[in-house]
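The values are calculated or read from the model by the stated rules, or taken from the named source; none is laboratory data. These numbers were taken from a predicted model, which means no experiment stands behind them. Glycine also receives a Cβ, built like all others from the backbone with ideal geometry; neighbour counts cover every protein chain displayed. Heavy atoms of the whole protein, side chains included, go into the accessibility calculation; ligands, DNA and RNA do not. Shrake-Rupley method; radii C 1.70, N 1.55, O 1.52, S 1.80 Å.
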Amino acid sequence: MGRRRVDSYAARTRRRALRARTALRRSAVDYFRGDGSDWVALAGLLLTVPAIAVGTLVNPVWCSPVALVLPIVAGGLILRPASLLGLYAAAASALIVESVVLGPYTQGPARVTPGTVLVVAACGLFGLLIAQFRARVGVPWRRGGTMLFDLRERIRVQSALPRLPAGWHREMALRPAGGQSFSGDFVVAARTHGGRTLEVVLTDVSGKGMDAGSRALLLSGAFGGLLGSLPPHAFLPAANGYLLRQDWDEGFATSVHLVLDLESGDYELLSAGHLPALQLHAGTGRWEEQTAEGPLLGVYDGAEFHPVKGSLRPGDVLMLFTDGLVESADRDIAEGIDRLTGEADRYVASGFEGAAWHLIEACAKDVNDDRALLLISRKA
């Protein structure tokens, strides 16, 4: 009987501990998602307001009345709009008390001046705008930067090129417009047919930078799922249908799909309104444009894409790129391609190791557009 009582007490204790742990975990998850209560942060900030007011009344030279902007700025970052209004009321009350105790501002600089009121009010307005934006987006400030970093890393991981067998070299460089972290250009790649075939898709989404980054993230995930799951000739029609179903106002994209046999070097190139690829023939030392026919993705249903075939022999190089690399306001695409091939000739002797990044630097360093360059070479 006593043993059952002990066991029952221990079981009840474990159940209470489990419920407490579950409630704590749920509260923490809600807090970091932005769904939890902010009363702890509000209470802490409300306590700083009278502390700052007392410091101002004791020594207004070292603790200026404008110091009340500190809890206001912090509140704009971590509080909800409704809680923020309570903090503003406390700060306004503190300003009134300081103004009454310290006397009129005409008696000296260490007083509550009209400029002090204006600065505190302006910071409060900006803080309220930030809080309302966070509430509308649904992402708390402490997680917003992490979320954007995670999105950027997901695009980068999806754009990673698979390792190739001996005798092949591949590299890619991507430069977003304006030095931003998000780009409308992306690459998805996979080795299919037991690793014998390399499939690479380079896509340029309409728009640039942050404007196109969210659509590029969505499309890179979708294209990555389609690549390798469909026969090569079915990929672009499926991608076109997916883009049409999104019904975006600015929903078109250009894309080029490379299907390369890593044993023979033979390849097919399918294009959806994309720029031609460039192939360097080691035997002649000349660059040749490889142009496939096909309309833009997301324009109309039932589009057909006709491939162009080629072969990479030892020493040959194939370059895929987006228009930001060769087109600008002061030059057309033909001039840009000539410049690109001229710069690329400098890397023939070195085997194009590290050439992608340097080619973007040489040809389109200051262009306000997304730029991407993919190099695949077969070693001699």
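Counting only helices (runs of 4 or more DSSP H) that fall entirely inside segment 9-121 and contain at least 3 residues that are of a type in the set (S, T, N, Q) and either modelled with pLDDT of 85 or more or within 25 Å of PHE133 (Cβ to Cβ) (or both), the qualifying elements are 81-102.
Checked against the criterion of being surrounded by 12 or more Cβ atoms within 10 Å (Cβ to Cβ), in contact with an Asp or Glu (Cβ under 8 Å, 6 or more places away or on another chain) and either modelled with pLDDT of 80 or more or in a loop (DSSP other than H, G, I, E, B) (or both), segment 139-149 contains not a single residue that satisfies it. Looking for something in a loop (DSSP other than H, G, I, E, B) and either modelled with pLDDT under 90 or among the small types (Gly, Ala, Ser) (or both) - is there at least one such residue anywhere in segment 210-225? No, segment 210-225 contains no residue that is in a loop (DSSP other than H, G, I, E, B) and either modelled with pLDDT under 90 or among the small types (Gly, Ala, Ser) (or both). Taking the criterion of being crowded, with 18+ Cβ neighbours inside 10 Å and over 32 Å from the mean Cα position of the chain (by Cα), the residues of segment 278-306 that qualify are LEU280, TRP287. Residue count for segment 199-257, restricted to those that are hydroxyl-bearing (Ser, Thr, Tyr), under 19 Å from GLY294 (Cα atoms) and without any contact (Cβ under 8 Å) to a residue 24 or more places away in the chain: 1. Filtered by the rule that a residue be open to solvent by less than 30 Å² (accessible area, probe 1.4 Å), part of a loop (DSSP other than H, G, I, E, B) and of a type in the set (A, V, I, L, M, F, W, C), segment 321-335 gives a lone residue, VAL326. Do the conditions hold for ASP204, that is, is it closer than 27 Å to GLY302 by Cα, acidic (Asp, Glu), surrounded by 19 or more Cβ atoms within 10 Å (Cβ to Cβ) and in contact with a Lys or Arg (Cβ under 9 Å, 6 or more places away or on another chain)? Answer is no for this residue.
Being surrounded by fewer than 19 Cβ atoms within 10 Å (Cβ to Cβ), under 31 Å from the mean Cα position of the chain (by Cα) and farther than 17 Å from HIS169 by Cα is the filter here, so list the residues in segment 342-360 that pass it. Listed by number, the list holds a single entry, GLU343. Residue check: is LEU260 part of a strand (DSSP E or B), aliphatic (A, V, I, L, M) and either in contact with a helix residue (DSSP H, G or I) (Cβ under 9 Å, 6 or more places away or on another chain) or closer than 18 Å to THR322 by Cα (or both)? No: the conditions fail for LEU260.
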